[in-house]
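A short worksheet on the structure shown next.
The values are calculated or read from the model by the stated rules, or taken from the named source; none is laboratory data. As the structure is a prediction and not an experimental result, all values here were calculated from the model. Glycine gets a Cβ as well: all are built from the backbone with ideal geometry, and neighbour counts include every protein chain shown.
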Amino acid sequence: MSPISTSVFELFKIGPGPSSSHTIGPMLAAHDFLEDARSLPPDLLARVASLEVRLYGSLAATGRGHGTVRAVLAGLLGHRPETCPPDILDAMSRFDSGAVSLDGRQIVISEDTVVFDYLTVPDHHPNTIRLRLKDDSGAVLHEREAYSVGGGFIEWQGQAPPERPEVPHHYSNMTELLEIIAKTGLSLPEVLMANEMALTGLSRQDIAGKLEHVMRVMEDAVERGLEEEGPLPGPLGLHRKAKALFERYRQDPQMQDRPILALCACAFAASEENAAGHTIVTAPTAGGSGVLPAVLYVTKNLRPTAGVFRKDLREALLAAAVVGMLAKHNASVSGAEVGCQGEVGVASAMAAAFLGQVYGNPAHVIENAAETALEHHLGLTCDPVQGYVQIPCIERNAMGAVKAFAAYQIAAAEVPGHHMVGLDQAIKAMAETGRDMCAKYKETAQGGLAASVRC
Ligand code: SF4
């Protein structure tokens, strides 16, 4: 198995919700396709009369509810996920038609540019997107195929991933990472930091600044969500609940269950912002983007603990990131590939690792916390009602945050050496369970709650 060479900031992507694979990935694919097309031979570009973006598999099945059309159109119009306005998808819902410039020619785009191909079964990846330039007879002049493989990552057909710089610490699973930590005496965040500096060429200080920015965007999503009320976009008519939950939290300072209520309110807040298509951080995906921000927000702002400083929070973010990277490297973080165990399950494991690190525990406790959280999400299907990232997704994020807290408490109380299941084993089980899971439970909105709930 090749060593992990993913940057922390490829895992923590900033962009519009509600789905990293169905919104952020397609936006990026559309943007990059058109950018590359601009360097095609001028005689070919002179014949381009239209653009077509065809969606297959899970993208076709749930793309409407996941905002894929608006994301693709925004990408064609030149927006990138990390720099687009926070309410870009709101703006795109008012978009009727427009034009993109290609070698001086104006090519008209509208909702009809994006075609949902429900019948063709993609043979390479369940989230397949094919982008085409056509002439005025409809003949294809240029075509590329992309795969939105989860967490906002895109792979292009026939294109090898770019060469990565050599990293000082080679590991492809948690066992190898623990061996490095034992051999070098470095902490888990120090190993991550050294690799991150090699991968990005950034200084320690620059990486710290970028981690602060990621945390700020996560906190912003929570704070915006705690203020909002009313129904979320889409046909379900689902009302936001974060503000009401937070009111209950504020009204009763004596309540015994306050930490649980705080976690739920914050997870609802960030997840509702995601469902609204507003800016979030993938952790590891947009669908699971309420879990880690909730744990961060509660730890930092609502239950601040003496001795936890900003540096500890940044290091905890690195510990969370490594869990997401291990899951992506050895299984998947895509609901279309392994169901919700790869999204909210991995998010919960990341949040448990965050808690393990922020409270200064050794690496084996961090591993145990992540493993315990993931273990109790194994088998979790992806069944969004009507294809909207709302039911069960929003509540599921709250449950993921609460489970992360419980997993950390269990791991912290464990006698060293008594823990019997490793994170690598849980990730392997997730991959195998995902492989065996029937397609209707993998982000197609055809099974589970999506089939039994009629709104
Ligand atoms: S059920 Fe889970 S994996 Fe599926 S869309 Fe919702 S959050 Fe994502």
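Tabulated values for the structure
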read-out	value
Any pair with Cβ under 7 angstrom, 6 or more apart, that starts in segment 48-67 at a residue that is touching a residue at least 24 places away in the same chain (Cβ under 8 Å) and closer than 11 Å to LEU131 by Cα and ends at one that is polar (S, T, N, Q) and within 16 Å of the ligand (Cβ to nearest atom)	LEU55/THR68
Residues that are under 19 Å from ALA316 (Cα atoms) and assigned to a loop (DSSP other than H, G, I, E, B), drawn from segment 203-234	SER203
ARG38 vs. criteria surrounded by fewer than 24 Cβ atoms within 10 Å (Cβ to Cβ), farther than 24 Å from ASP123 by Cβ and either within 16 Å of the ligand (Cβ to nearest atom) or in contact (Cβ under 8 Å) with a residue 40 or more places away in the chain (or both)	yes
First in segment 436-455 and within 12 Å of LEU380 (Cα to Cα), second anywhere and in a strand (DSSP E or B) and at pLDDT 95 or above, Cβ under 7 Å, 6 or more apart	TYR441/CYS382; LYS442/CYS382; GLU443/CYS382
Residue identified as away from the ligand (no atom under 11 Å from the Cβ) and either under 19 Å from the mean Cα position of the chain (by Cα) or in contact (Cβ under 8 Å) with a residue 40 or more places away in the chain (or both) among ALA370, ALA347, ALA336	ALA370
Looking only at segment 390-422, and only at residues there that are surrounded by fewer than 22 Cβ atoms within 10 Å (Cβ to Cβ) and within 17 Å of PRO18 (Cα to Cα), the one that is farthest from the ligand (Cβ to nearest atom)	GLU395
Matching residues, segment 234-263, being of a type in the set (Gly, Ala, Ser) and either modelled with pLDDT under 95 or within 21 Å of the chain's Cα centre (by Cα) (or both)	GLY234, ALA242
Complete set of residues in segment 141-167 that are assigned to a loop (DSSP other than H, G, I, E, B) and over 19 Å from GLU443 (Cβ atoms)	GLN157, GLY158, GLN159, ALA160, PRO161, PRO162, GLU163, ARG164, PRO165, GLU166, VAL167
Residue in segment 134-156 that is surrounded by 14 or more Cβ atoms within 10 Å (Cβ to Cβ) and of a type in the set (Lys, Arg) present	yes
Some residue of segment 421-432 being part of a loop (DSSP other than H, G, I, E, B) and over 22 Å from the mean Cα position of the chain (by Cα)	yes
Qualifying residue in segment 290-305 (condition: in contact (Cβ under 8 Å) with a residue 40 or more places away in the chain and closer than 25 Å to ARG70 by Cα)	yes
Test: residue in segment 25-37 that is over 26 Å from ALA336 (Cβ atoms) and modelled with pLDDT of 95 or more	yes
Positions within segment 12-32 being more than 16 Å from the ligand (Cβ to nearest atom) and in a helix (DSSP H, G or I), in sequence order	MET27, LEU28, ALA29, ALA30, HIS31, ASP32
Check on ARG105, exposed (fewer than 14 other Cβ atoms within 10 Å of the Cβ), of a type outside the set (S, T, N, Q) and under 13 Å from LEU34 (Cβ atoms)	yes
One residue from LEU374, LEU380, LEU318 being in the same structural domain as PRO233 (by TED's automatic domain parsing) and outside any helix (DSSP H, G or I)	LEU380
Pairs with Cβ under 8 Å, 6+ apart, first in segment 216-233 and modelled with pLDDT under 95, second of a type outside the set (D, E, K, R)	PRO233/SER93; PRO233/ALA275; PRO233/ALA276; PRO233/GLY277
Unique residue being touching a strand residue (DSSP E or B) at 6+ places or on another chain (Cβ under 7 Å), at negative phi and hydroxyl-bearing (Ser, Thr, Tyr) when the list is TYR408, TYR441	TYR441
Listing of helices (runs of 4 or more DSSP H) fully contained in segment 38-117 that carry 1 or more residues being among the acidic types (Asp, Glu) and either in contact with a strand residue (DSSP E or B) (Cβ under 8 Å, 6 or more places away or on another chain) or under 19 Å from LEU141 (Cα atoms) (or both)	42-45
Enumeration of residues in segment 10-50 that are touching a Gly at 6+ places or on another chain (Cβ under 6 Å) and of a type in the set (D, E, K, R)	LYS13
Pair list, Cβ < 8 Å and 6+ apart or interchain, from segment 390-408 residues that are over 30 Å from PRO362 (Cβ atoms) to residues that are among the aromatic types (Phe, Trp, Tyr)	ILE394/PHE268; GLU395/PHE268
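For every residue, the table says whether it meets (1) more than 30 Å from ASN301 (Cα to Cα); (2) touching a residue at least 40 places away in the same chain (Cβ under 8 Å); (3) surrounded by 13 or more Cβ atoms within 10 Å (Cβ to Cβ).
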{"position": "LEU178", "(1), (2), (3)": "yes, yes, yes"}
{"position": "SER187", "(1), (2), (3)": "no, yes, yes"}
{"position": "THR200", "(1), (2), (3)": "yes, yes, yes"}
{"position": "GLY237", "(1), (2), (3)": "yes, yes, no"}
{"position": "ARG240", "(1), (2), (3)": "no, no, yes"}
{"position": "ASP252", "(1), (2), (3)": "no, no, no"}
